[in-house]
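Everything below concerns the one structure shown next.
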Amino acid sequence: MTRHCFITEVKEGKIDEYINFHDNIWPEVCAGLRAAGLVSLHIYRVPGARTLVLNIETAGAIDLAKATGPGSKYRENARCKEWEEMMDADFHGGWTELSEVHSSEKQWNAALQLPMQ
């Protein structure tokens with residue numbers, strides 16, 4: 001399993017609508033993301049801000065841009081394409097991937113001289 005973490009800023013006055021869309025996510029989007037190799041997806045809000053953090057776990061080392069970005073098989077589905085374009089245009093303008101600086105699986109296991117997971 002591979003983890004990815006992203007950050008974005010939701011446009012002013014749009015956070016409640018954004019959350020509502022995700023509380024009522026379209027089934028085609030869920031099915032498309034699963035088919036693209038996403039195992040889990042979690043979005044967190046920074047308290048008192050419009051900043052969101054997105055954590056994605058994939059079944060393996062996949063290129064998320066190729067799996068879900070423009071021109072992907074995922075976006076061949078009209079509803080998935082509509083969803084992604086709406087999120088980018090109406091709510092946040094895209095996600096920025098964050099760099100991992102610490103992982104218990106790596107640093108803790110190394111410090112304890114345990115096998116890497």
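The values are calculated or read from the model by the stated rules, or taken from the named source; none is laboratory data. From a predicted model like this one, the values you see are computed outputs, not experimental measurements. Please note: Cβ atoms are built from the backbone with ideal geometry, for glycine as well, and neighbour counts cover all protein chains shown. Heavy atoms of the whole protein, side chains included, go into the accessibility calculation; ligands, DNA and RNA do not. Shrake-Rupley method; radii C 1.70, N 1.55, O 1.52, S 1.80 Å.
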Expressed in square angstrom to the nearest 10, the accessible area of Lys11 with a 1.4 Å probe stands at 90
With the 1.4 Å probe rolled over protein heavy atoms, region 5-58 has an accessible area per residue in Å² of 57
Expected sort for 54-64, 100-110 on mean C-beta neighbours within 10 Å, highest first, is 54-64, 100-110
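Subtracting the Cα-Cα distance from 0.36 nm times the residue separation, let me have the gained length for Tyr44 to Glu82 in nm, one decimal.
Extra length available between Tyr44 and Glu82 comes to 11.4 nm.
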Label model pair Asn24, Ser104: point-to-point distance (7 angstrom along the Cα→beta-carbon line) in nm is 3.7
Whole-percent carbon and sulfur contribution to the accessible surface of region 32-73 (1.4 Å, no ligands, DNA or RNA) stands at 60
Check: in region 11-117 the Lys pairs 8 or more apart or on separate chains whose Cα atoms fall under 21 Å apart number 4
